[in-house]
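Notes to accompany the following structure.
The values are calculated or read from the model by the stated rules, or taken from the named source; none is laboratory data. Note that the structure is predicted; figures quoted are calculated from it, not measured. As a convention, Cβ positions derive from the backbone with ideal geometry for all residues, glycine included, and neighbour counts pool all protein chains shown. Areas reflect the complete protein model, heavy atoms only, side chains present, ligands, DNA and RNA absent. Shrake-Rupley method; radii C 1.70, N 1.55, O 1.52, S 1.80 Å.
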Amino acid sequence: MTNLLNVLSLWILPLLIFIILTVGIIKKIPIYEEFTYGAKDGFKIAVNIIPYLVAIIVAISMLRASGAIEMLASWISPVLNYFKIPVDTLPLMIVRSLSGSAALGVFSDIASNLGPDDYATKLSAIMVGSSETTFYVLAVYFGAINISKYRYAVAVGLIADFIGIISAILVTYWLFG
Amino acid sequence: MNYIFYFLIVISIIVGAVNGKLQDVVDSVMSGAELSVKIAFSLIGIMAFWLGIMQIAQKSGIIDWISRTIKPVTRRLFNELPQDSPAIGDVAMNFSANAFGLGNAATPFGIKAMEEMQKVNDKKDTASNSMCLFLGMNTAGFQLIPTTVLAVLVSIGYKNPTEIIMPTLIVTLIAFLSAIVFSKIFQKLWRNNK
């Protein structure tokens, strides 16, 4: 099953490009001209998202630098102890929605410090693998089309993240606990 | 979003001052700003490439074909989009790319989908219901194999790293479905309040 998925992952992009170009040629589409026409937007989109990325990434970098995340972690840790959830995974739960590189950093830290057999390593692996950075996705996708009023999108993203954390805890407990 | 932005920054400054880390906070403004531009610029090349490929796919009718194939599902989910909207094909491409862990390829498809949704959006600065739903589904990060996590586990000598694939899939699926459910719930609540 895993092997099959790995092979699929490797082949899907080359296959996709192959099929799209071949169908284009068969249908007598001027593929070179169409490609360059479409590709022109790449620069425009990247420049468009800069203000949104700056706003979100700077705010989150500041929060991480201030030590607020560690403070929050020390407040919640009694609750986690009560439910027998390893406290080491707490910074990860907080940082997961905010910054992808930070989440990966925290996870690598847990994994290398506690080692492969630790329960916290398994739990944090599942937490990191099952999520996308909500605020990054917000900035990129809404930034690209200049949307500044997000309505309930932030709430939905964060609720889904929260449910993800809870189910990661339950699933890990069920399989490895 | 205005309040979130305000609180993130104000809390950082206050907590930073209390912890004596104000210098770090100031430095992080610089490094954060620099990082944002780096991320944006690193997207340009790959974005241009996939947008070019997508343009060909669009002209040759492949996107239309995909949209028609998954229509039964998307018609229910994105019921506010016109039924012939190219956004639906882009959404499909975005999810397939994400599922295979191809984040770099998924982003241009997702942005393309957002642009198509923007075309039929009445208020250009405000997210439509379809946009919120699509964004929610994307933040759940549905992925078949968590490649980066596996790489880290292998590097620390984890004996059987593939054992985390199934649980991760279960969790990401739950988050994905709850994003859809909550988008739909919020959509109703939001309309009633206005």
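Laid out as a table, the results:
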quantity: Modelled FRET efficiency - R0 30 Å, residue B:2 with residue A:33, Cβ distances, 0.05 increments; calculated: 0.10
quantity: Partner chain coverage, peptide A:98-110 - average Cβ within 10 angstrom; calculated: 2
quantity: Axial C-alpha extent at least 30 Å, average Kyte-Doolittle at least 0.0 - helices from chain B (DSSP); calculated: B:22-59, B:165-193
quantity: Residue among A:107, A:35, A:162 with the largest mean-square fluctuation in a Gaussian network model of chain A, springs linking Cα atoms under 10 Å; calculated: A:35
quantity: 10 Å Cβ neighbours from other chains, averaged over peptide A:73-86; calculated: 0
quantity: GNM top mover of B:108, B:161, B:86 - chain B, alpha-carbon springs below 10 Å; calculated: B:161
quantity: Cleavage-rule hits, trypsin sites (Lys or Arg not before Pro), segment A:61-167, DSSP coil, Cβ neighbours within 10 Å at most 12; calculated: A:84
quantity: Fluctuation leader among B:94, B:160, B:79 - chain B, Gaussian network, Cα springs under 10 angstrom; calculated: B:160
quantity: Other protein chain Cβ atoms within 10 Å, averaged over every residue that makes up B:149-158; calculated: 6
quantity: Rounded FRET efficiency, nearest 0.05, which uses the C-beta distance separating residue A:26 from residue A:166 and R0 of 56 Å; calculated: 0.65
quantity: Globularity index of segment B:23-193, i.e. its alpha-carbon radius of gyration over 2.2 N^0.38 Å; calculated: 1.20
quantity: Descending semi-axes in Å of segment B:97-194, equivalent ellipsoid built from Cα gyration tensor; calculated: 33, 17, 8
quantity: Label-point gap, in nm, between residue B:42 and residue B:188 - each point 7 angstrom along Cα→Cβ; calculated: 4.2 nm
quantity: Out-of-range pairs (alpha-carbon distance over 30 Å; input B:71/B:184; A:122/B:21; A:44/B:21; B:38/B:112; B:71/B:112; B:21/B:123); calculated: A:122/B:21; A:44/B:21; B:21/B:123
quantity: Cα-based equivalent ellipsoid, the protein assembly as shown: semi-axes from gyration tensor eigenvalues, Å; calculated: 34, 25, 20
quantity: Computed magnitude of the charge dipole of segment A:42-176 (debye, nearest 20; Cβ of K, R +1, Cβ of D, E -1); calculated: 500 debye
quantity: Charge dipole (the protein assembly as shown, unit charges on Cβ, about Cα centre) - positive-most of A:74, B:129, A:42; calculated: B:129
quantity: Point-charge dipole on Cβ atoms (K/R +1, D/E -1) for chain B, about Cα centre, debye to 20; calculated: 580 debye
quantity: FRET E, pair residue B:73, residue B:27, Förster distance 41 Å, beta-carbon r, rounded to 0.05; calculated: 0.30
quantity: Residue A:167 accessible area, 1.4 Å probe, all protein chains in place, Å² to nearest 10; calculated: 10 Å²
quantity: Inter-part distance where segment A:97-117 and segment B:96-164 are each reduced to a Cα centre, Å; calculated: 20 Å
